[in-house]
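Below is one structure; the comments refer to it alone.
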Amino acid sequence: MRKTNKIFDIFNHTLFVIFSLIVIMPLAITFFSSFKTPIQIASESVLSFPSPFTLENYIDVFKDGNVLTAVKNSTILVVAAVVINSLLASMVAYSLSRFEFKLKRFFFFLLSVGMLLPGFIAEITRFGIIAKLGVYDTLLAPLLIYVGTDLMQIYIYKQFIDQIPFSIDESAMMDGCSYFTIYWKIIFPMIVPATATLAILKTVAVLNDMFTPYLYMPSPKNATLTTMLMNYVGRSG
């Protein structure tokens, strides 16, 4: 038994090392290459340390790439999307979980269907709505899209809230708490783990999204990190 466990541990550790290298190697190559000149990159090993060490690549990017503006815009979009989406999604999930109203099942059915449909199906209609609202080529355009289409987040919040006993709500009502007080001071703090997880996923999704900012904010002043990198690489190529 001990020999079997030892073999199993060695196998697990080997897999861990292999997968860690798969993740770390591209990052290490990119990091080392960022301090090399094009000639060094072409002639030296990708994992060799930069010699001589140069900051020309970083100077060029900050000078010509509009990096600070992109960081500012991406930060605004991430913070606003995470905060607003967390509040709206948790409120909707709380209403679906705790209240009974007409067409509730039909509404939840539409919610489920919406998660199955690809987003590009409604792209033409969505573009027209953004244009008519007068927010095209502003930070508000992608923000409205980010906070208004995350149906999966509502579904996940609902699953968490369904696990919270309704007796907690009843006890709070007996103490004179309103529905909003119950949501804000009792329910929302109890779903903080879900909020943290979904906030991380939302942050990654917003930072990695290139299509929405490129389509709805084409101006250089509204560049995000993804569109800035795309435009800079295009000019450099």
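The values are calculated or read from the model by the stated rules, or taken from the named source; none is laboratory data. In this text the structure is predicted, and so the values were computed from the model without any measurement. Because the Cβ atoms are built from the backbone with ideal geometry, glycine has one as well, and the counts that use them run over all protein chains shown.
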Quick check: is even one residue across the stretch 87-99 without any contact (Cβ under 8 Å) to a residue 12 or more places away in the chain, assigned by TED's automatic domain parsing to the domain that holds Pro213 and within 22 Å of Phe211 (Cα to Cα)? no
Have a look at Ile76, Ile130 and point out the one that is closer than 30 Å to Met230 by Cα, surrounded by 13 or more Cβ atoms within 10 Å (Cβ to Cβ) and in contact with a Phe, Trp or Tyr (Cβ under 9 Å, 6 or more places away or on another chain). Ile130
In the set Ile121, Ile154, Ile130, which member is in contact with a helix residue (DSSP H, G or I) (Cβ under 8 Å, 6 or more places away or on another chain) and at pLDDT below 90? Ile154
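Residue-by-condition table, conditions (1) under 16 Å from Leu88 (Cα atoms); (2) loosely packed, with under 13 Cβ neighbours inside 10 Å; (3) touching a residue at least 60 places away in the same chain (Cβ under 8 Å); (4) within 13 Å of the chain's Cα centre (by Cα):
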site	(1), (2), (3), (4)
Tyr157	yes, no, yes, no
Cys177	no, no, no, no
Ile191	yes, no, yes, no
Ala194	yes, no, no, no
Met210	no, no, no, yes
Leu225	no, no, yes, no
Lys63 vs (1) within 27 Å of Lys202 (Cβ to Cβ); (2) charged (D, E, K, R); (3) exposed (fewer than 10 other Cβ atoms within 10 Å of the Cβ): all pass except (1)
Can you go through Leu87, Leu55, Leu68 and tell me which one is surrounded by fewer than 14 Cβ atoms within 10 Å (Cβ to Cβ) and within 30 Å of Val147 (Cα to Cα)? Leu68
Exactly one of Ile129, Ile76, Ile124 is under 25 Å from the mean Cα position of the chain (by Cα) and either closer than 18 Å to Leu207 by Cβ or not assigned by TED's automatic domain parsing to the domain that holds Pro218 (or both), and that one is Ile76
Could you check the stretch 140-178 and list, in sequence order, the residues that are farther than 30 Å from Arg126 by Cα and part of a helix (DSSP H, G or I)? Phe160, Ile161, Asp162, Phe166, Ser167, Ile168, Asp169, Glu170, Ser171, Ala172, Met173, Met174
Which numbered condition in (1) under 30 Å from Thr181 (Cα atoms); (2) assigned to a helix (DSSP H, G or I); (3) at pLDDT 85 or above is the only one that Ser112 fails? (3)
